[in-house]
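Notes follow once the structure below has been shown.
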Amino acid sequence: MQSKSEVLASCNLTQEQLDSYWMPYTANREFKKNPRMIVSAEGKYYTDAEGRQVFDGLSGLWTCGAGHSRPEITEAVSKQIAQLDYSPAFQFGHPKAFELAHRITEFMPDGLDRVFFTNSGSESVETALKVARAYWRKKGHGTKNRFIGRVKGYHGVNWGGISVGGIGPNKAMFGPALEASHIQHTMLPENLFSKGMPETGAHLITELEEMIALYDASNIAAVIVEPMAGSAGVIPPPVGYLKRLREVCTKHNILLIFDEVITAFGRVGSNTGAEEFGVTPDMMTIAKQVTNGTVPMGAMITRKDVYDTFMENGGPEYALEIPHGYTYSGHPVACAAGLAALNVLEDDQLVTRVKSMSPYFEESIHSLKGTQYIHDIRNYGLAAGLTIEAAPGEPMLRPYQIAMKCWEKGFYVRYGGDMIQLGLPFTVEKEEIDSLVNALGESIRELD
């Protein structure tokens, strides 16, 4: 591996430039001693500053399932920049925003057909939470303010997202935010090393019913969950869990929000997690795969009757129905990227390909069962999470060490907390799955 000075030289960077960037979700001190620079990407592989080919074992950040540098998306983005680089998002429109909104609804379960554009998953969640509260106010139920999330849930990094999210370190540094409660996660001891959906756990919805009894449904706006939790380490829902969740929310007149920033557009082998698990929420948040990671974009999708509630109670026609939005909502270049990316998904039948490759990936990743330090393995679609036993006094050390060893071997995987996460490109071949899993196993066995 190159030294730090060699890496900077190959990237034409100075130490001052390296120091100037405060990196997100990164151990800045460690990285700036040992920078890992990616300089290009094509297909399923990155190229680093040394010219090495590195397999993308997380599809970017769950974003690039169709592979990097797709010519169809590149061409669409280039044409759009030349034609219309920006259009005001407020009070004026451009055609591609309406085209993409409708195109997105074609991937949604029946009934989710109104799209509000954002720029990220975090903004999509903020939008859903604000719309949920505002919806109940418009309906004359102004006390419905509380949100219920789930322990280990991840819903982005803005105030609403960390409030309903259930990952402790994401909250601890920032102090109080929105009022929210949390039901238990579904990682049960009896479900260790489950393949796909675990059999046990639907009974945990009883806790939600108890929470509703405590706070009363008249004070609860919405429940928000990821149908398959991603950032907490790939946690598929137990059999029957989401259907019971839907039933309870319907019974008590509480909105159900699915955060599908990771699961929408193919990751679990269907267009959405809602479709895969047979449960339709009242709202869905998306981002990441909608543009194949090429241009920042997200959206909140909801039912027509939710939209109509704002239209029917919006005052004069020239008045704003909801004072919410972003300067870059429905950005022309992002919309062009989204239209091209969704066409690639459909034309190349990538969602079907995820479904067909998932059984092979499942068997391959579970072949690591019994390897030292692996406490659990979970998987669904082309996603997998491994829980790693803590080193004495340092629960986050081993995942970091494993990921760095994988990087040295030419494989990018995600590490965080006590987890290793995999999110394979939708175009992955069996030989590449074998190579990745073998490298991961070797990296774990090389510890200590």
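The values are calculated or read from the model by the stated rules, or taken from the named source; none is laboratory data. What you see is a predicted model; the values in this text were computed from it and never measured. Backbone-built Cβ (ideal geometry, glycine too); neighbour counts: all protein chains shown. Just so you know, the surface numbers come from the protein's heavy atoms only, side chains and all, with ligands and any DNA or RNA stripped out. Shrake-Rupley method; radii C 1.70, N 1.55, O 1.52, S 1.80 Å.
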Unmet requirement for S356, which otherwise passes all of (1) farther than 24 Å from G43 by Cβ; (2) surrounded by fewer than 19 Cβ atoms within 10 Å (Cβ to Cβ): (1)
Test result for Q80, polar (S, T, N, Q), in contact (Cβ under 8 Å) with a residue 24 or more places away in the chain and either over 27 Å from L440 (Cβ atoms) or not in a helix (DSSP H, G or I) (or both): yes
Options K144, K152; residue that is open to solvent by less than 30 Å² (accessible area, probe 1.4 Å) and touching a strand residue (DSSP E or B) at 6+ places or on another chain (Cβ under 7 Å): K144
Set S163, S122: member being surrounded by 16 or more Cβ atoms within 10 Å (Cβ to Cβ), of a type outside the set (F, W, Y) and under 27 Å from G278 (Cα atoms): S122
Subset of region 396-436 that is β-branched (V, I, T) and over 13 Å from M357 (Cβ atoms) - its residue that is surrounded by the most Cβ atoms within 10 Å (Cβ to Cβ): I420
Meets criteria (over 15 Å from V234 (Cβ atoms) and among the β-branched types (V, I, T)) for V279: yes
Residue in region 246-267 that is more than 13 Å from the chain's Cα centre (by Cα) and among the aromatic types (F, W, Y) present: no
Inter-residue pairs, beta-carbon under 7 Å, first over 16 Å from K171 (Cα atoms) and in region 135-153, second of a type in the set (K, R) and modelled with pLDDT of 95 or more, 6+ apart: W136/K144; N145/R133
Conditions (1) closer than 22 Å to V164 by Cβ; (2) open to solvent by 10 Å² or more (accessible area, probe 1.4 Å); (3) of a type in the set (D, E, K, R); number of the one not met by K304: (1)
Filter result for V261 (buried (at least 24 other Cβ atoms within 10 Å of the Cβ), of a type in the set (A, V, I, L, M, F, W, C), in a loop (DSSP other than H, G, I, E, B) and touching a residue at least 12 places away in the same chain (Cβ under 8 Å)): yes
Members of region 201-219 that are assigned to a loop (DSSP other than H, G, I, E, B) and open to solvent by 50 Å² or more (accessible area, probe 1.4 Å): D216
Of all residues making up region 287-306, the number that are of a type in the set (V, I, T) and over 16 Å from A132 (Cβ atoms): 4
Residue check for K96: surrounded by fewer than 21 Cβ atoms within 10 Å (Cβ to Cβ) and basic (K, R): no
Residue within region 269-276 that is closer than 22 Å to V248 by Cα and in a loop (DSSP other than H, G, I, E, B) present: yes
Scan of region 57-75 for residues that are assigned to a helix (DSSP H, G or I) and under 30 Å from F361 (Cβ atoms), ordered by number: S59, G60, L61, W62, P71, E72, I73, T74
Exclusive hit being part of a strand (DSSP E or B) and either more than 19 Å from R52 (Cβ to Cβ) or polar (S, T, N, Q) (or both), set L368, L447, L386: L386
